[in-house]
1. Going toward the positive end of the dipole of the range 76-156, with +1 on Lys and Arg Cβ and -1 on Asp and Glu Cβ, which of 150, 83, 95 do you reach last?
2. Hey, rough spin-label estimate for residue 68 and residue 192, points 7 angstrom out along Cα→Cβ, what's it come to in nanometres?
3. Please work out how much length the chain gains when fully extended from residue 100 to residue 127, using 0.36 nm per residue of separation minus the C-alpha to C-alpha distance, in nm with one decimal.
4. For an R0 of 45 angstrom, estimate the FRET efficiency from the Cβ-Cβ distance between residue 155 and residue 39 and round to the nearest 0.05.
5. Please work out the Kirkwood hydrodynamic radius for the range 65-142, using every pair of different C-alpha atoms, and report it in angstroms with one decimal place.
6. Quick one: angle between helix 154-167 and the longest Cα principal axis of the chain, in degrees between 0 and 90, rounded to 10, please.
7. Compute the signed sum of charges (Lys and Arg +1, Asp and Glu -1) over the other residues within less than 11 Å, Cβ to Cβ, of residue 172.
8. By the scheme Lys and Arg +1, Asp and Glu -1, what is the net charge of all other residues having a beta-carbon under 13 Å from that of residue 193?
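The values are calculated or read from the model by the stated rules, or taken from the named source; none is laboratory data. Note that this is a predicted model, so its numbers are computed, not measured. Every residue, glycine among them, receives a Cβ derived from its backbone with ideal geometry; neighbour counts consider all protein chains shown. Keep in mind that these areas ignore ligands, DNA and RNA; they rest on the heavy atoms of the full protein, side chains included. Shrake-Rupley method; radii C 1.70, N 1.55, O 1.52, S 1.80 Å.
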Amino acid sequence: MNKDLLEAVKIYATRPHPELSALLLQKSKDQLIALFNDLLTGYINDRNSSSIRELVVVSISGYTHRDAKIGYNGYKQSSGIGGKPISCEVKPKNINTEDNKKRKSKSKHNGQGNFTDYTHKRIDKDLKENLNMLIAGFVDGELIFILEFPFNCKSFVERLKKQLKKRFPKGDKLGEYLRGANFSFKDYENCKSLKLIYLNKGSLEKNKPAFTKNFFGFLKKY
């Protein structure tokens, strides 16, 4: 971490905030730019939090971000007069190329996502909400693609229900959850309403090793 950023973070966390303002006013323009760049780099690549990646994806896709930890990630107004707002659920994956260098099995984008602590009750709620899914891929914090499709896409729902049925064949159990209901591009690629919202073609080509062959080929067609 940039030593100026480390100093600023420590002051912010331990001292009155006017002291941080006084510190920043002493910095040059170049120092402030370096500090801000380091802050964004660390935040957007954070392995333990996807909040800033969610914010970026929601905003670019035309939704308003919801700050709440519980609930859907964003919403937008329906085109119909007086219509119910349309919610979205974001699944952003970031691949760190330095981490990949240390692994025998490399992490790759295949349009995947995951629902944590899933239940039959939760999927029923999601189906009634009629929300949209936003699947996004980052490499080293750089946004490469965003795909959008309706949650109620048949093959996608079947994938989730199959995992739920295996975990809870007789229905939900109080206090128990399916820890990870996962999916990949193959589970929604045939959805008629699948849309490409964003694609950085130059970075896609540059980061080809971070994508599975089939998923890269799909994005390359655009």
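1. 95
2. Using points 7 Å along Cα→Cβ, the separation is 3.3 nm.
3. Details: separation 27, 0.36 × 27 = 9.72 nm, distance 3.58 nm.
The residue 100-residue 127 span can extend by a further 6.1 nm.
4. Using R0 = 45 Å, I get an efficiency of 0.65.
5. 15.0
6. So the helix axis and the longest Cα principal axis differ by about 90 degrees.
7. Taking every other residue near residue 172 into account, the sum is +3.
8. Neighbourhood net charge equals +1.
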